[in-house]
Structures are given as C-alpha cells and as structure tokens.
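The values are calculated or read from the model by the stated rules, or taken from the named source; none is laboratory data. Note that the structure is predicted; figures quoted are calculated from it, not measured. Here the Cβ positions follow ideal geometry from the backbone for every residue, glycine too, while neighbour counts run over all protein chains shown. Heads up: the accessible areas ignore ligands, DNA and RNA and are worked out on the full protein's heavy atoms, side chains in. Shrake-Rupley method; radii C 1.70, N 1.55, O 1.52, S 1.80 Å.
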Amino acid sequence: MPGPGRYLLGVLEVLLLGGFAWLGGDSIRGWLLPRFEGAPAYLASVVIGLALLIWGAELLGSFDGWEPVPYLVLVAAAGLGLWRFLPRPEGEGGHPHPTQQVRVRMTPLPTVIALLVAGIAVALFAWEAKSKLSTGMTGFDSTWYHGPFAAGFFQSGDTWDLHFIAPQFLAWFYPANGEIFHAAGMLAFGRDVLSPLLNIGWFVGCLVACWCIGRPYRVAPCSLALGAIALSVPALADQAGEARNDIVGIFFLLSAVAIALNAWGGPAGERSSPRIPGTSAFGSYFVVGLSAGLAAGTKLNFLLPAAVLVLGLVLVAPRGLKGRAVGLGTLAALAGGGYWYLRNLAHSGNPLPWIHHLGPIDLPAPEQALGGREAHSVFGYLSDGGVWSDWFLPGLRDGLWLLWPLLVLAALAGLALAAAQVRGALVNQEDTKSPRPRIALGIAGLVGLATALGWLVAPTSASGPEGMPRGFESGLRYLAPALVLGLALLPTAPLLRSLLTHPKVRRTLASHSGAKDRRTPSQARWRRGFAAAAGLLIAVAVGYPVQRHYLEGRYKDPTFTSAPGLNAAFAWARDISDARIATTSTRQYPLFGGDLSNQVQYLGVEQPHGGFEAADDCRAYRRLLAKGDYDYVVATLDREAGGAAFPLQVRWTEGPGSQVVLKEAPTVVFRLTGALDPSACR
C-alpha cells in the first residue's frame, strides 16, 4: 500500500503535467484564437493541452521510452517553450484589459436553473462511480481491453507495438487516446487510483462544451441543461467509474463543434480571425480539426462525424482559401488521432484492418473471424416487427428512459433544424451579409446526423444471434453523442432562439435572479484563484484516504463475472506481484495485480497482417508457454457452460511441471514449476 510520501509524489507529478500542458495549450490558444474569451477560451486551451499530453506520450512511447521523468521533462519543455516564444495578445481572450470599475452583475434565472440541472447530473454520475471505489473497475470493456491497454503502456513504455488480447473484434487495433490518460495516472501513482475518477472529469468537460455550443446564440443555459439531461441517460451510466472511452470521444466531438460555433457562429462569427502580426487567419480551422481528430483517435465510431466536420470546413472558409482551410483542418485531425491508424498501417498494411475490400481492391488485413457476438446493424432490422417489439422498444425504454420518444424526437429536431441552415445560407448568400454563422450551425447539425447514421449502420449496433440483438441496449451509447449534440443544438434553432432571447422574456427572467456580483476583475481573479487553491487542497487531503479505501477493496471479493472460478482467480491475482501470467480469459485486467506489475498475456499465435488467434492444439499451446517463460497459467472459460466444466487448456496444462493453485469451475490456476513437454500431449 503506497504511503503518504508516494501519494504526494503522484499528486505533484499530475499537477505539474497538467500545469505545463495548460500553459502550452493556453499559449497556443491565445495565438490562434485571440478573440476567444470566457468558457470557450478555457475549453479550447484544455483541448490543446490534452493534445500536448497525448503527443508527448506517443513520441516517447514510439521508442519504448514513456516513463515518468522523461514524460514530465518533455511536457514541461513544451509548455514553457510555447509560453515563452509564442506571441500573446494584449487584452483579448481570457485576459481582458485591467480595469478598476466595479461590476454589478445579476445571475439570470435560466443560468441558475441550468447550473442546478448540471450539478444534479454530475452528482448522479459521481454517485454511480462511487461503487467502483470499493470494488475496482468491473465493466466488461474495462477489464477486456481498456484496462489492459493502459496497463500495457504503463509497464512497457511502448505505445507503438500491438498489445494482443483475446482474439475478438481485432481489438488490438483500436485507437487509444483515452487509455493514454489512464496510463499517465498509473505512471504518476504506480497504481490505477485515478482511473475510476477520470470519466467524471470528462463528464464535466462535456457539460462545459454544451454551454459553449449555445453561447454564441445567447442560449447557453438551455444548451447546458438539455445536454446534461442527454448525458444522464442510462445508456451512458456504465461510463461512471470505468475506463470506457465513449464519454471521452463525446467530449472531443462536442468541443470541436463548440469551438467551431464560437469561431464562426453567432453575431460575432466573422470576428474570430487572429489579428496578431505573423499569425495565420486559419487558427480556428486548426483547433476544430485537432479536436475532431482527437475524437477519432479515441473510438472508431467518431471517424465519420470527425470526417464530416473537417470536410465541412470547405463550406465555412472564404472563397479562394477553402483548400488551405480543409488542408490545415485535415493535418490537425491527423495530428489528433492519426497516430493509431498509422500504427495499424505499419503492422497490418491497412489503417482500418476491419475493412478487407475497397470496391474491387483487396486490402491487406488479418484473415480471421472477428469473434464475439454476431455482427448485425439496427438498419438491418428496421422492418422486423418482432425484433422491434422484443428487443428495440424495451432497449430504448431501458437505455434512454421511459420518455425516449420525446428525447429522440427533440434531438433529431435539433440536428435537422441546424443542418437546414446550410442550404438556407448557401441559397441566400446574396441576401445575407455573412452566411458563415448559419453555415457553421448547419455543419454542426450534419455532424450529429452523421453520428446517428453511423450508429444506424454499424455492425455492432444490434449485435447478437440472428433475430436476438442482445447488444442493442449497450450499443445505444454509440447513438448517445448524436442525442447530446442534438439537444444542445435545439435551443439554437431560429424560432426557439428568438423566443428565448426576446427582450420581454429576458427582462422577465432578469427580474428573478441570483446574487449580485460587485467585484473588480482583479478581485474576481483573486477570488477564483483562492477558491481553486482551496478546492485543490481539500481534494488532495480527501484523496489519500479515498486512495487507501480503493486499493484495499480493489478486486478483493469480485462477483462481477458469471464464472465463479474466474472471480476467484481475480481475487487471487491481487496479491501476486512481478509474475508472468498466461491466460485464456477475455477479461484479464484484474490479473495485472494490485500494483499492476504482473505481465499478462492471452495465449495465442500471431498471424500475418497483425492477426492473432488462440492456440488450437496442445503442442502449439505448450510451445507458447515455453516461449513466454510464464510463472502462472489461468485456464478458464469466460462463463459457466452447460457442457464441459473446464476448458481444454486445463488438460493441456496438467502434468509434470505444473501445480494447481486454485480450482473452481470453470477456472484452474496453475503454477508452472518446470517446462511442459509438447511431445507429451495426448
């Protein structure tokens, strides 16, 4: 159990990494988007700062060198260098001209209500995460690939090589921007104590992005409240306390849209170009493309909306500069997420190894079945009344609440009304002094519609046996980004916007307000700084006992799988350190041990083009054990089956050279005491 000194060292590393990344991100934002101020400025700075953290990890990880000290030095050098050498605007962005005027500001009633709704949403999400502080992360995807990827980065310092896990869905090719942050927390603390808490931060970031989406149209409180409702649907509840990365991708996608709308949308949409000598007039295109690329580098289902957003830059860019705008946005998107697809290209000859054909062209890809559930899309079942009554309608009710029709219709209305602005702006360009704000809003709507379309046709949106799409309800998380974006955009529709911002409505709401704010800007900054410092000290003080509680209960008595023996193996592994463990389990993260020092590997055979398949005979299996120099073998089925109580690998491991440590159906844990002779296989 780490003591106070080790805990404080981890806290210091996290604060330094975050501080230097913020310094660099804010410097770039001030250079590229000097007219941004308030929440949009902070949001853009955070996005760029997060990109700096990812780039540092990728750079070092490409040479097996992602370790705590080099990482901190690299991020510090980047942050300080950008702060020192990039020009900084005076009196713009988040740094207004100093003034001694006392501000008297009323907090409008809609803002108070929206903050209350958002606060409730955060509290509910945090409450869902609380249980994981007693058990460890127990979600299927967290224990299948999110956790193992992060632990693999942490152990090896290598982000370039493929980390082979159970041979399902070619998951080792998945992009891993989200796992970078879990691994960074492991590097700081030597444990995964930050992992159950990270998604709370991403959730709050999504709320800030929703506010920023409505801000250029003076409907930020409504966008925040509606976005908070969409983010709280049961389909996203499994993000709380887990390493799932849907919420990460949603944050980056919402941020890309929010930055685009604040750059080109609203009444001040045309005034966003930098006016610092020597800077490009394309700063907004770069930051929007970067955020879209970060989403695509987090999860595959964000590829389509990210591409739509980047290609949409051609509509919003001035004539004669469209090619440059799209080119810059594309380069920025590749910088945000292209690393993982470049890695796939290097290992398999194909950036998307799931695609075997491009028209008549055959593409290099692993020749193996995807495994897991059968692939089916919602689109393929649209006309199947039985599937609707037995699966889709109950799934929609459970995954999106009882009022799901209202939620879906409102989100679609928001997306459709926004998307319609593109055609109206392009058709009536001659009648409009500046069509860019309407086009920007239209692009945002098209991005959301593309997200919904991607869910509709995705082969995992209704996975399961023919006519039994058991994965439908879980797959609603792929629709959730469209719902959140659609509801955040709904108040920006012209009719609703004119109603919400009507002078009489605003005067009526202003008469029911919160407390007055009588402070100079300098006083306000000092108070905010003091509040932030106090909050940080409280968080650090509370964090130590929370950390101890988490580590004491982490996988101590797991019951989250349907295989009792596998649960017992997870409990056994928490006290094992510095061991090499071979396994046949799809869910393997708990086997890494309490201090994440166990090296865990699914027993399989590498195939051409980055393929990986389970060993299918005893001789091959024993040769893999000898090659890996393993200390233990966890031979198991993923769930109890009606037939065999134990897998074949149990027989393949038995004999001289192995000793049973734990045996409970359908799992046996062996300690290897000597070499297992392949020729002794029966």
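If you go through the stretch 341-357 and keep only what is closer than 30 Å to Ala51 by Cβ and surrounded by fewer than 21 Cβ atoms within 10 Å (Cβ to Cβ), you end up with Tyr341, Leu342, Leu345, Ala346, His347, Gly349, Asn350, Pro351, Leu352, Trp354, Ile355.
Residues in the stretch 558-595 that are surrounded by fewer than 17 Cβ atoms within 10 Å (Cβ to Cβ) and outside any loop (DSSP other than H, G, I, E, B): Pro564, Ala571, Arg580. Within the option set Tyr555, Tyr550, being under 28 Å from the mean Cα position of the chain (by Cα), assigned to a helix (DSSP H, G or I) and either at pLDDT 95 or above or at positive phi (or both) holds for one residue only, Tyr550. State whether the residues of the stretch 161-181 include one that is open to solvent by 10 Å² or more (accessible area, probe 1.4 Å) and part of a helix (DSSP H, G or I). Looking for residues that are open to solvent by 10 Å² or more (accessible area, probe 1.4 Å) and part of a helix (DSSP H, G or I), one finds at least one in the stretch 161-181, hence yes.
For the stretch 201-221, enumerate the residues that are touching a residue at least 60 places away in the same chain (Cβ under 8 Å) and either open to solvent by 40 Å² or more (accessible area, probe 1.4 Å) or not in a helix (DSSP H, G or I) (or both). Talk me through it step by step, then tell me what you get.
First, pick out the residues of the stretch 201-221 that are touching a residue at least 60 places away in the same chain (Cβ under 8 Å): 203-221.
Once the filter is applied, which keeps residues that are touching a residue at least 60 places away in the same chain (Cβ under 8 Å) and either open to solvent by 40 Å² or more (accessible area, probe 1.4 Å) or not in a helix (DSSP H, G or I) (or both), the stretch 201-221 yields Val204, Val208, Trp211, Arg215, Arg218, Val219.
Just to be sure before I move on: is Leu412 assigned to a helix (DSSP H, G or I) and closer than 20 Å to Gly293 by Cβ in the structure I sent? Considered against the rule, which asks whether it is assigned to a helix (DSSP H, G or I) and closer than 20 Å to Gly293 by Cβ, Leu412 comes out as no.
I want to confirm something. Restricting to the stretch 655-676 and keeping residues that are in a loop (DSSP other than H, G, I, E, B) and open to solvent by less than 80 Å² (accessible area, probe 1.4 Å), which single residue is farthest from Arg622 (Cα to Cα)? Looking at residues that are in a loop (DSSP other than H, G, I, E, B) and open to solvent by less than 80 Å² (accessible area, probe 1.4 Å), I get Ala665.
Is it the case that some residue within the stretch 205-217 is at positive phi, modelled with pLDDT of 95 or more and touching a Leu at 6+ places or on another chain (Cβ under 9 Å)?
Residues of the stretch 205-217 at positive phi: none.
No, that holds for no residue.
When you scan the stretch 413-429, do you find a residue that is out of contact with any Lys or Arg (no Cβ under 6 Å at 6 or more places or on another chain), buried (at least 21 other Cβ atoms within 10 Å of the Cβ) and at pLDDT below 90, even just one? Scanning the stretch 413-429 turns up at least one residue that is out of contact with any Lys or Arg (no Cβ under 6 Å at 6 or more places or on another chain), buried (at least 21 other Cβ atoms within 10 Å of the Cβ) and at pLDDT below 90. Restricting the first member to the stretch 285-307 and to residues that are without any contact (Cβ under 8 Å) to a residue 40 or more places away in the chain and within 17 Å of Gly327 (Cα to Cα), and the second to residues that are β-branched (Val, Ile, Thr) and crowded, with 24+ Cβ neighbours inside 10 Å, no beta-carbon pair is closer than 8 Å while six or more apart or on different chains.
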